[in-house]
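Here's the structure we're looking at; comments come further down.
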């Protein structure tokens, strides 16, 4: 099948030209624990009210990507109940992980916060992976840390990644930073992400990405660019 032409994504600080057959959408941690008012992040005192709009915009992005056969890669954050993959007691993750701290201080919640096999760990129903999507479990903020994400992308000859998910200023930015270090072209779809903490934290990530790490766009502009590809009637079959 003939490969599609390059498409231009309106973005800051300038238009980003991508090859759809060399691109993926990465969905960061769109799990009940980060999105729901019954999830661990809300129980830890964070405002997750903006997550509903994030889910809606993620769904629009994924639908647009699937229509032109751009692969979807889900990152899924969490640990086994024994916590043997969460790091050493007294280490940085032990001290700074909101989920781990919550389970230490609230013993009634032990084994519930983004723990494999729990509702908290599961990807939200509205964005459940479909056949052909790729799910990459991770145990730290970045999707590249001790996972096979880089190998998956390189095997598919991926050059550009569009990133959505939660939290903008934590796992989303950490993943984008590591993508930048590995010479991928990161595109943050800012309104398909939600911050953990005040709005200025998301603003800081947007500034960091468009100034130093990649490009920033929004759902409408990203989906509009992909729609133009769909309307041309051209798709690609795979990334090989």
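For this structure, a couple of remarks:
- 23, 81, 97 arranged by Cβ crowding within 10 Å, fewest neighbours leading: 81, 97, 23
- Across every direction, the projection of the convex hull enclosing the Cα atoms of the chain has a mean area of 12.4 nm².
- Take the Cβ atoms of residue 5 and residue 135, set R0 to 30 Å, and the FRET efficiency comes out at 0.50.
- Our compactness index for the range 133-240, the C-alpha radius of gyration over the empirical 2.2 N^0.38 Å, is 1.11.
- The gain in end-to-end length when the residue 125 to residue 203 segment is fully stretched comes to 25.3 nm, 0.36 nm per residue minus the alpha carbon separation.
- Cα centroid separation, the range 124-203 to the range 33-88: 10 Å.
- Convex hull volume per residue in cubic angstrom - Cα atoms of the range 131-184: 88 Å³
- The range 82-207 shape via C-alpha gyration tensor axes, a/c threshold 1.5: prolate
- The chain: relative contact order in percent, alpha carbon pairs under 8 Å with at least 6 residues between: 30 percent
- Debye log10 I(q)/I(0) at q = 0.20 Å⁻¹ for the range 12-154, Cα point scatterers: -1.26
- Per residue of the chain, the DSSP helices (runs of n ≥ 4 H) give a summed -39500 (n - 2.57) that works out to -9000 deg cm²/dmol at 222 nm.
No value in this document is a laboratory result; all are computed from the given coordinates. Just so it is clear, the structure is predicted and the values come from calculations on it, not from any experiment. Methodologically, a virtual Cβ is constructed for each residue, glycine included, from the backbone with ideal geometry; neighbour enumeration extends over all protein chains shown.
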